[in-house]
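In what follows, a single structure is set out as structure tokens and then discussed.
The values are calculated or read from the model by the stated rules, or taken from the named source; none is laboratory data. Predicted, not measured: the structure shown is a model, and the values here were computed from it. Each accessible area value is taken on the protein alone, full model and side chains, heavy atoms only, with ligands, DNA and RNA left out. Shrake-Rupley method; radii C 1.70, N 1.55, O 1.52, S 1.80 Å.
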Amino acid sequence: MDDLERIKRAAFTSIGRAFLFFLLAVGTVMAGLITWPFLAFKSGAILITMLAAILTLRAGLADRHDFRRTETWILMDKRHGLPAHRAQGVFANILKDTYRRFAIFSAALACACWVLAFAFRLAMPQAMPRMLV
């Protein structure tokens, strides 16, 4: 496997792991509110929209961070075969692309949660506690 593939795989693993842990937390919040489906999906939509915003922000700032201070670098056993003058740019571009890919997926997931929240709101308006509306 060439160096670029190793970097892409490490970046995907690093960002994907954080993404899945965040989704686990969102799923826990939604499961806690499942007796009120509208609130469950609305809270999930809000949290996942925040995740998409954070991932977009991280993508924009990827070229400002030293690649040797990232989890991707640690997953690569702190070595690569790139020339020293190109390494920062290559790592930044790969991280930026990976963050954007997960941000797009987050946005699509958030849209699905918003649609489901709206559908539950229309289907069961009387099932909501008065103080939570």
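List of remarks:
- Protein heavy-atom accessible surface, 1.4 Å probe, per residue over the chain: 63 Å².
- 3J(HN,Hα) couplings calculated from phi for region 84-90 with the Karplus curve 6.51 cos²θ - 1.76 cosθ + 1.60 (θ = phi - 60°) are, in sequence order, 4, 6, 9, 4, 4, x, 5 Hz; Gly and Pro show x.
- Length released on extending from residue 90 to residue 68, taking residue separation times 0.36 nm less the Cα-Cα span: 6.7 nm
- Calculated [222 nm] ellipticity per residue, helices only, for the chain: -26500 deg cm²/dmol; basis is -39500 (n - 2.57) per DSSP H run with n ≥ 4, divided by all residues, nearest 500.
- Residue-wise HN-Hα couplings along region 23-30, as the Karplus relation 6.51 cos²θ - 1.76 cosθ + 1.60 with θ = phi - 60° gives them from phi, are 5, 5, 5, 5, x, 5, 4, 5 Hz; Gly and Pro carry x.
- Whichever lysines have a C-alpha closer than 27 Å to that of residue 96, once near sequence neighbours (fewer than 8 apart) are set aside: 8, 78
- Extension gain from residue 97 to residue 18, taking 0.36 nm per residue of separation minus the Cα-Cα distance: 26.9 nm
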